[in-house]
Amino acid sequence: MNKSEQAISLFNEEKFDEAEQLALEMFEADSQSVNAVDILAAIYLRTNNLNFLKNINKSRLDLIRKLAVFLTDLQTYEQAAFFYEKAIEIDKNDIIGLNNLALMYEQLDNLDKAKLVYEKSIRVKENYPALYNLGVLARKQKNISLSKICLKKALNFEPENPYANYSLGMTYLMEKDFEKGYPYFLKRPVRNADGLKNFWDGKAYKDKTILVFCEYGLGDGIMFSRYFPFLKDYFANVKVCCNAALHSVFRASFEGIEFVNSIETDYDYCVFSMNLPCFLKMDFSQIPFADGYLKADEEKVAQYKEKYFDTNNKKIGIFYIGGELEKRNAKYRRITLRELAKLFDIPSAKFYSFQKDDVLNELAEFPQLVDLGKTFGDFSDTAAAMKNLDILITIDSAPVHLSGALGIKTFLMLPYFSEWRWFLDESQTLWYNSVELFRQQTPCEWQGVVDKIYDKLV
């Protein structure tokens with residue numbers, strides 16, 4: 001039995017001191033030993049004793065850092081923060097460790113403490129990671145002036161960095177500063193766009209074909225689809241590459257435009273969909289079709305009405321989890337059904353879940369909700385069901401863009417630090433006349449939002 005197997009056996013027998021000593025010996029012999037770090041991290045997690053460091057020599061800074069990284073990967077942020085703190089006790093000028101510690105505090109929603117640590121890193125030495133992260137954090141805290149200062153300094157280090165450009169652009173756009181914001185916003189990182197060529201310069205080419213590439217999420221595709229028809233004034237043919245789930249509702253809404261699944265198609269010029277306002281010279285004072293621009297399949301609307309909506313009660317849809325759960329800010333785009341439960345007791349109201357996947361297995365606890373999500377194949381189904389609603393209540397995700405584009409009355413629940421597109425502290429939005437905004441007044445606190453919506457409904 002080798003040392004790794006012995007350490008695991010001792011761990012299983014809950015002989016943690018002995019297991020730790022063996023793992024430390026393994027690390028002394030090979031500082032790249034993944035098994036040693038795994039076993040040590042397992043000990044600290046299992047014992048839930050963050051002071052179980054008595055056997056680790058504080059000079060072993062490399063081991064403490066590796067444990068911090070390993071625990072970060074496990075998303076055990078409190079434990080990771082502890083080890084970053086220990087590392088910084090040893091090396092007070094470790095700007096990378098300081099930045100990583102601040103990121104852990106952000107994950108733990110201790111934003112004020114994160115800000116202080118980023119500032120400490122910058123005092124040690126101005127550096128791109130701390131300036132960038134503090135610029136993003138300042139925008140979250142609605143400190144727009146600080147966000148601009150930090151992100152501009154970050155760009156002094158890396159002028160072409162797409163993330164810093166994107167972030168500075170969003171900071172300006174939050175204040176509706178289209179002219180200053182969009183030049184930075186145009187430089188944002190774009191996924192799955194390799195192979196695109198001949199980017200449009202904004203001029204008219206009446207005998208040519210343009211391909212619009214819908215980058216980012218489904219909601220972004222819906223939001224910026226309002227600009228598709230204007231391209232007919234510039235090009236003979238317009239093609240749009242977007243998620244196949246949008247094709248049916250887009251084809252029903254935009255005549256004379258071809259929708260494709262891949263960029264492997266014939267075209268002369270291309271453009272990203274989120275760049276269209278800039279190239280079409282339509283700033284925030286000229287947002288088109290705020291009353292709605294998408295159409296639902298009337299036959300499907302009637303089918304949903306007959307099967308699910310034949311009631312005199314007020315028909316209210318809910319959507320409560322958006323985005324990919326593992327992403328950094330996904331937790332701010334969700335609310336639990338338990339937090340919404342107060343609404344479900346409103347008399348003369350029937351509630352419908354528009355959540356396609358019950359990823360947290362919450363629906364079973366609320367049998368009074370009609371689960372429509374399981375009936376949706378693509379967005380034409382979702383649109384047809386929405387057209388039967390009196391109100392949709394949703395977090396910030398694709399459904400708010402679909403309902404707004406359909407002209408359906410919508411209550412949008414926003415976190416304290418919402419995306420640039422909802423601007424700063426407004427209750428209405430320029431993008432959709434039918435959408436009303438309900439913002440958290442305190443980070444991560446939904447009760448006040450739910451109470452305001454309740455008062456609106458009763």
- [ ] With the condition kept exactly as written, say whether any residue in region 278-287 is among the small types (Gly, Ala, Ser), modelled with pLDDT of 95 or more and under 16 Å from Pro229 (Cα atoms).
- [x] no
Open item on the list: Against the conditions (1) part of a loop (DSSP other than H, G, I, E, B); (2) over 27 Å from Phe284 (Cα atoms), where does Ala114 fall short? Just the number, please.
Closed with: (1)
Task: Flag if Leu137 is within 22 Å of the chain's Cα centre (by Cα) and buried (at least 18 other Cβ atoms within 10 Å of the Cβ) - done: yes
TODO: Being touching a residue at least 12 places away in the same chain (Cβ under 8 Å) and charged (D, E, K, R) is the filter; apply it to region 410-439 and report the residue that is surrounded by the most Cβ atoms within 10 Å (Cβ to Cβ).
DONE: Arg439
TODO: Just one of (1) surrounded by 19 or more Cβ atoms within 10 Å (Cβ to Cβ); (2) at pLDDT 95 or above; (3) among the hydrophobic types (A, V, I, L, M, F, W, C); (4) under 30 Å from Phe366 (Cα atoms) trips up Ile321, so point out which.
DONE: (2)
- [ ] State all residues of region 149-200 that are closer than 18 Å to Pro129 by Cβ, in a helix (DSSP H, G or I) and either of a type outside the set (A, V, I, L, M, F, W, C) or modelled with pLDDT under 95 (or both); if no residue qualifies, say none.
- [x] Lys152, Lys153, Asn156, Pro162, Tyr163, Asn165, Tyr166, Ser167, Thr171
Task: Scope region 249-283; condition crowded, with 17+ Cβ neighbours inside 10 Å, in a helix (DSSP H, G or I) and not β-branched (Val, Ile, Thr); matching residues - done: Phe250, Ser253, Ser273, Met274, Asn275, Leu276, Pro277, Cys278, Phe279
TODO: Please work out which residue is surrounded by the most Cβ atoms within 10 Å (Cβ to Cβ), limiting yourself to region 392-409 and to residues that are in a helix (DSSP H, G or I) and in contact with a strand residue (DSSP E or B) (Cβ under 7 Å, 6 or more places away or on another chain).
DONE: Ser403
Open item on the list: I'd like the residue in region 284-296 that is under 26 Å from the mean Cα position of the chain (by Cα), surrounded by 17 or more Cβ atoms within 10 Å (Cβ to Cβ) and not aromatic (Phe, Trp, Tyr) and, out of all such residues, is farthest from Thr429 (Cα to Cα).
Closed with: Leu294
TODO: Count, please, the residues in region 9-21 that happen to be surrounded by fewer than 21 Cβ atoms within 10 Å (Cβ to Cβ) and either assigned to a loop (DSSP other than H, G, I, E, B) or not polar (S, T, N, Q) (or both).
DONE: 8
- [ ] Look through Leu412, Leu343 and report the one residue that is outside the structural domain of Ser253 (by TED's automatic domain parsing), farther than 26 Å from Ala302 by Cβ, out of contact with any strand residue (DSSP E or B) (no Cβ under 6 Å at 6 or more places or on another chain) and not in a loop (DSSP other than H, G, I, E, B).
- [x] Leu343
Open item on the list: Against the definition (surrounded by fewer than 17 Cβ atoms within 10 Å (Cβ to Cβ) and either polar (S, T, N, Q) or touching a helix residue (DSSP H, G or I) at 6+ places or on another chain (Cβ under 6 Å) (or both)), how does Asn165 come out, yes or no?
Closed with: no
Open item on the list: Step by step: first the residues of region 168-223, then only those that are within 17 Å of the chain's Cα centre (by Cα) and basic (Lys, Arg), then the one that is nearest to Leu276 (Cα to Cα). Which residue is that?
Closed with: Arg188
Open item on the list: Being at pLDDT 80 or above and among the polar types (S, T, N, Q) is the filter here; which residues of region 21-63 pass it?
Closed with: Gln21, Asn35
- [ ] May I ask you to list the residues in region 382-391 that are assigned to a helix (DSSP H, G or I) and either under 23 Å from the mean Cα position of the chain (by Cα) or under 28 Å from Pro415 (Cβ atoms) (or both)?
- [x] Thr382, Ala383, Ala385, Met386
TODO: Would you check which residues across region 77-87 are crowded, with 17+ Cβ neighbours inside 10 Å and out of contact with any Lys or Arg (no Cβ under 9 Å at 6 or more places or on another chain) and list them?
DONE: Tyr77, Gln79, Ala80, Ala81, Phe82
Task: Criterion: within 27 Å of Ala154 (Cβ to Cβ) and not assigned by TED's automatic domain parsing to the domain that holds Ala138 - qualifying residue of Ala193, Ala164 - done: Ala193
- [ ] Six or more apart or on different chains, Cβ under 7 Å: which pairs go from a residue in region 440-452 that's at pLDDT 95 or above to one that's aromatic (Phe, Trp, Tyr)? Could you list them?
- [x] Gln440/Tyr416; Gln440/Trp446; Val449/Phe438; Lys452/Phe438
Open item on the list: Restricting to region 203-215, give me the number of residues that are of a type outside the set (S, T, N, Q) and surrounded by 12 or more Cβ atoms within 10 Å (Cβ to Cβ).
Closed with: 8
Task: Inter-residue pairs, beta-carbon under 8 Å, first in a loop (DSSP other than H, G, I, E, B) and in region 23-44, second surrounded by 17 or more Cβ atoms within 10 Å (Cβ to Cβ) and of a type outside the set (Ser, Thr, Tyr), 6+ apart - done: Asp30/Ala36; Ser31/Leu63; Ser33/Met26; Ser33/Phe27
Task: Matching residues, region 378-409, being in contact with a Lys or Arg (Cβ under 9 Å, 6 or more places away or on another chain) and small (Gly, Ala, Ser) - done: Ser380, Ala383, Ala384, Ala385, Ser397, Ser403, Ala405
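The values are calculated or read from the model by the stated rules, or taken from the named source; none is laboratory data. Small disclaimer: the values here were computed from a predicted structure and weren't measured. Methodologically, a virtual Cβ is constructed for each residue, glycine included, from the backbone with ideal geometry; neighbour enumeration extends over all protein chains shown.
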